[in-house]
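Down below is the structure, laid out as structure tokens.
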Amino acid sequence: MARLNVKPTRMELNNLKSRLKTAVRGHKLLKDKRDELMRRFIDLIRENNRLRQEVEESLVDNMQDFVLAKSLENDKMVEQIFAVPTKTVDLHIETENIMSVNVPNMTVRVTNPYGDDEGDVIYSYLASNSQMDTAIDQIEKSLHKLLRLAEIEKSCQLMADEIEKTRRRVNGLEYSTIPQLKETIYYIQMKLEEAERANLVRMMKVKDMGGR
């Protein structure tokens with residue numbers, strides 16, 4: 001490891017010792033941050049896998065039911081049912097700070113044209129069949145899980161990026177900055193001790209010459 005190009009003086013030695021102390025403390029804090037981010041990241045990954053499996057299974061079953069119910073109706077009638085949106089979806093996104101990572105926190109509000117929260121479907125039940133009504137209702141109920149899944153996946157992406165950045169900084173301090181500072185401090189200490197010994201020898205010689 002190449003040492004820093006500095007003058008071997010006591011002032012520089014004190015500055016380097018201060019930098020080393022700061023680097024060691026920063027290294028510990030970054031390692032703690034990395035470990036905590038990894039713990040939370042793993043928890044989110046587990047929740048993501050569980051929730052994705054639930055959502056995918058639910059959507060596959062619901063879409064199969066819908067396709068089956070749709071096959072029992074006239075295509076024109078089905079188009080009329082979905083021609084005009086019967087509900088409004090308002091998505092509100094905030095951010096939550098987790099170990100200096102701003103992850104999304106999403107909330108959704110579903111209203112019908114009459115302003116009622118989570119309003120019932122307002123198309124005519126006479127124009128559809130019970131299987132279609134049930135399938136549509138189940139698909140709508142998947143909205144909150146889909147939103148949570150999107151929230152988790154985005155959080156995992158952001159946390160993975162921060163973990164990688166933190167890991168590089170930890171490695172930079174551990175394998176480059178700290179060893180370089182230690183080697184430079186050792187070099188300056190050796191130079192100062194060598195200068196002190198040379199000065200002591202010179203003083204002794206001067207003393208011997210003066211005693212003659």
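Length gain on complete extension for the stretch residue 47 to residue 107, per 0.36 nm per residue less the alpha carbon to alpha carbon distance?
Details: separation 60, 0.36 × 60 = 21.60 nm, distance 1.81 nm.
Here the segment from residue 47 to residue 107 would lengthen by 19.8 nm.
Restricting to DSSP loop positions (anything but H, G, I, E, B) with no more than 14 other Cβ atoms inside 10 Å of their own Cβ, which chymotrypsin sites (Phe, Trp or Tyr not before Pro) remain in the range 20-87?
Numbers: sites: 41, 66, 82; in loops: 82.
Answer in residue order: 82.
If the reach is capped at under 20 angstrom between alpha carbons, list the aspartates and glutamates near residue 21, excluding any in the same chain fewer than eight residues apart.
Straight-line reach from residue 21, under 20 Å: 12, 32, 174, 183.
Please give, to one decimal in nm, the separation of the simple spin-label points placed at residue 94 and residue 144, each 7 Å out from Cα toward the Cβ.
1.7 nm
Any idea which of 97, 198, 175 is furthest toward the positive side of the dipole for the chain, if Lys and Arg beta-carbons carry +1 and Asp and Glu beta-carbons -1?
It is 198, whose Cα lies furthest towards the positive end.
Name the residue farthest towards the positive end of the dipole of the chain from the options 108, 138, 30, assuming +1 on Cβ of Lys and Arg, -1 on Cβ of Asp and Glu, about the Cα centre.
30
Using every Cα-Cα pair within the chain, state what percent have a distance larger than 27 Å.
When all Cα pairs of the chain are counted, 62 percent exceed 27 Å.
Which of the lysines could a cross-linker span from residue 145 if the Cα-Cα distance has to be under 25 Å and same-chain partners fewer than 8 positions apart are dropped?
Residue 145 reaches 70, 87, 154.
Mind giving me the nanometre distance, one decimal, between the label points for residue 22 and residue 71, set 7 Å out from Cα along Cα→Cβ?
For residue 22 paired with residue 71, the spin-label model returns 7.2 nm.
Ranked from highest to lowest mean number of other Cβ atoms within 10 Å per residue, what is the order of the peptides 67-74, 31-38?
Values: 67-74: 13.1, 31-38: 15.5.
The densest-packed peptide leads the list: 31-38, 67-74.
Take each uninterrupted DSSP H stretch in the chain, measure its Cα extent along the helix axis, and return the ones at 18 Å or beyond whose mean Kyte-Doolittle hydropathy is at least -0.5. All intermediate terms of the calculation are to be shown ahead of the outcome.
On the way: long enough: 10-70 (85 Å, -0.89); 143-172 (44 Å, -0.64); 178-211 (49 Å, -0.41).
Passing helices, by number: 178-211.
Quick one: if the Förster radius is 41 Å, what FRET efficiency do residue 194 and residue 32 give, using the C-beta to C-beta distance and rounding to 0.05? Kindly include the intermediate steps, with their values, before the conclusion.
Working: r = 40 Å, r/R0 = 0.97.
With a Förster radius of 41 Å, E is 0.55.
Where a number appears in this text, it was derived from the coordinates with a stated rule and is not lab data. Everything quoted here is computed from the prediction, not taken from an experiment. Please note: Cβ atoms are built from the backbone with ideal geometry, for glycine as well, and neighbour counts cover all protein chains shown.
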